[in-house]
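The values are calculated or read from the model by the stated rules, or taken from the named source; none is laboratory data. Note that this is a predicted model, so its numbers are computed, not measured. As a convention, Cβ positions derive from the backbone with ideal geometry for all residues, glycine included, and neighbour counts pool all protein chains shown. What goes into the accessible areas is simple: the full protein's heavy atoms, side chains included, and nothing from ligands, DNA or RNA. Shrake-Rupley method; radii C 1.70, N 1.55, O 1.52, S 1.80 Å.
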Amino acid sequence: MKLIEKFRRSRLISKLFIVMTVSIVAVCLLTSLITIRMAERLFAETFSITNGKVLNQINTGLESFNDSVVNAVTFASQCGSVKTYLTGGDTNSVAMSKVYYRMAEQMEQISSNLGAYDVAVTIIGVNGRSYSTDPNYWPASPQDLADDPLTRQAAAEPLRVLYQYDERDGKAGKERFIVATKALVDRTGGLSYGMLYIAIRESEFRRFFANFTSNGNDVLVLDPSGVVVSSNRTELIGGKSPELLRDVETLKRDQLDYLNGTAFGQDAIILANELPPYHFYLVNLIDRQYTAGQIMNIRQLALICLTIIGAALLVVFVISRRLTLSLTRLVRLMSTITKKDFRNYIAVSGSYEVRELSKAFNYMLDELNDYVHRLLETQKEQRNAELAALQRQINPHFLYNTLASIKLLVQKGNKETAAETINALISLLQNTISNANETITIEQELENLKNYVFIKQVRYGDRIKVSYFVSPDCMHCKVPKLMLQPFIENAFFHAFNVKTEGTIYILISRTEHSLVCEVVDNGDGMENGGQELMLEQHTSDESVSGASKGRRRKPAGIGIQNVNHRIKLLYGESYGVQISSVKGQGTQIRIVLPLMEETEVTGDAV
């Protein structure tokens, strides 16, 4: 299941390649197997015809030998001298010598019928007499033969020549023979008076078919019990194979030309002829594996198949690669949308399906880019509206406090100081409200701060001092206007309620990529670390200093919140305001901005 699921999730070219690979290999293997089977079948049919003729030739040779045996048996059965020798009693020595002489002549005559073959003829009579043309050829004594299965079976069928397999222990070890046995019967009385044995060595009998055998092409002679009586494969002689006998009987019964079967543990093509005179079966076994290797070189065929498969796979891979290349490129380009790359248009090429997908993808990018453009414009307008609203909050807030200070000066009759304060306010308004730019330089911001501090000191006196520590390389850096003013205003209002005097420090420096502005006072500080200054605007009119309880609350949180909000709108969430404070020690405001020189292009856009 995991392999199937992995296959489903794999790339299209991988699926195509796997499917084509399996298909090509399957077709090649099936074609090879079918070719081999057809070749084997053709081979079997061809061999069945050829070897059928060979078996007929072997049959002819065996029939000739049988004819010779029958002639010898007939002569012996009709010979009076043989009958006299086998049935007569003991006489004087002269008469016996004549009998033996005539018997020797008749045996020579009988042997002359078998002169073309190397055999031994043995006759045993009911009177106990025996005669053998070569006692050393077939080591069977008359005593052993009297109760031998050869004799019993021949006596059971006295009217026919019976061929039987026989093994004897000779001087050279175990020897194998095929013995033609015939009971000698009196034609008038029907009584048996002797037994005739014609023995031929299996090695001699084998010569009838030895020239027709080869590797993988064997000949066997099988008796009715399934015993191999002769074969070119000597290790099989004397062995019994009921399975082979059953296949041979099937061939005979169904009149088949050949049969595919198993013989002696090997797949074989089986051909067989019946030998009626012998009551044997002449069997031809063709080793299928060996002959298949002779018909075709399996190794060479495998190499050819592998070469064809490799070449086909290479062609399939190249074609599949070309067909799916445009689709793969399309998928790769589509994946770039997750990286917010909306301008990576696709060249319309490839197949019909890929071209249609490319057109649809490009149309989608057009629609998406148009939507993003309109969304950015809407966000820009929204941001500008927010900035304008914040500016409108800061300016009235600052003007309220400044006009309140001028009012006090006029009420006290200090007209010159009031005039200087009004001039400072005019200069401050010219540099802030009248200036349409959203950002100004540090130099301009300091000038505005000094005017603002002058106005505050007119109201509060010199008990709160302001010191400036500005790095010279920061003077031309750009900052949002009125950025520091809310924090100084907050310090004037809240930092010195318990302490009657103190100092506010303005520190401006730069790092590699940032501008750092700090407003630090040594005033009362706060219990909560200054977090109250970062509350929402609806709570910003509450007191942020624990020391200011019981006194009139000043609207300070609005300006601080607005500055922090402005910075994040202009430059992003990584920039803004950080506040830390310690009760009784003072408060530190840290403002982090992107480093922008005066020559850089700036504007309202984020």
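Between SER97 and SER192, what is the spin-label point distance in nm, taking each point 7 Å from the Cα along the Cα→C-beta axis?
Taking the two extended label points, one gets 3.5 nm.
Run the quick spin-label model on SER349 and LEU42: label points 7 Å from Cα toward the beta carbon, then report their separation in nm to one decimal.
5.0
HN-Hα J couplings of segment 102-116 from phi, Karplus 6.51/-1.76/1.60, θ = phi - 60°, integer Hz, Gly and Pro as x?
Result, rounded to whole Hz: 4, 4, 5, 5, 5, 5, 5, 5, 5, 5, 5, 5, 10, x, 6.
Please list, in chain and number order, the residues 5+ apart from PHE496 or on another chain whose amide H is under 5 Å from its amide H, with Hs placed from the backbone.
Excluding prolines and chain starts, which carry no amide H, the hits are ASP524.
Quick check: Cα centre of segment 156-171 to Cα centre of segment 264-290, how many Å?
Computed from Cα coordinates, the inter-centre distance equals 23 Å.
Show the residues, 5+ positions off or on another chain, whose built amide H is closer than 5 Å to the amide H of THR503.
Under 5 Å from the amide H of THR503: LYS465, ASN522.
Using a 1.4 Å probe and ignoring any ligands, DNA or RNA, find the accessible area of MET20 and quote it in Å² to the nearest 10.
80
Using the Karplus curve 6.51 cos²θ - 1.76 cosθ + 1.60 with θ = phi - 60°, work out ³J(HN,Hα) for each residue of segment 516-521 in order, rounded to whole Hz, and write x for Gly and Pro.
10, 10, 10, 10, 10, 10
Using 0.36 nm per residue of separation minus the Cα-Cα distance, give me the extension gain between GLU420 and LEU595 in nm, one decimal.
59.5 nm
Roll a 1.4 angstrom probe over the protein heavy atoms and tell me the percent of accessible area of segment 201-286 that is carbon or sulfur.
Here it works out to 41 percent.
Just how much of VAL520 is accessible, in Å², when a 1.4 Å probe is used and the result is rounded to the nearest 10?
Approximately 40 Å² of VAL520 is accessible to the 1.4 Å probe.
Quickly work out the ARG160-to-LEU313 label distance, labels modelled 7 Å from Cα along the C-beta direction, and quote it in nm with one decimal.
6.4
Once the whole set of protein chains is in place, how much accessible area is left on ILE269, using a 1.4 Å probe, in Å² to the nearest 10?
10
Length gain on complete extension for the stretch VAL27 to ASP370, per 0.36 nm per residue less the alpha carbon to alpha carbon distance?
Working it through step by step, the gained length comes to 118.1 nm.
Suppose R0 equals 22 Å; then what is the FRET efficiency for VAL582 and SER509 from their Cβ-Cβ distance, rounded to the nearest 0.05?
Plugging the Cβ-Cβ distance into 1/(1 + (r/R0)^6) gives 0.50.
What FRET efficiency would be calculated for the residue pair ASN260, ALA146, taking the C-beta separation as r and a Förster radius of 45 Å, to the nearest 0.05?
The pair ASN260/ALA146 has a calculated efficiency of 0.45.
Amide H of VAL219: which non-local residues (sequence gap of 5 or more, or other chain) have their own amide H closer than 5 Å, using H built in the peptide plane?
Those lying under 5 Å, H to H, from VAL219 are ASN232, ARG233, LEU285.
Answer rounded, prolate or oblate for segment 410-481, using the Cα gyration tensor with square roots of eigenvalues a ≥ b ≥ c: rounded when a/c is under 1.5, else prolate when a/b is larger than b/c, else oblate.
Judged from the Cα gyration tensor, segment 410-481 comes out oblate (a/c at least 1.5, b/c at or above a/b).
Can you tell me which of 370-382, 438-450 comes out highest on packing, and rank the rest after it, using the mean Cβ neighbours within 10 Å?
With the highest mean Cβ count within 10 Å placed first, the list reads 438-450, 370-382.
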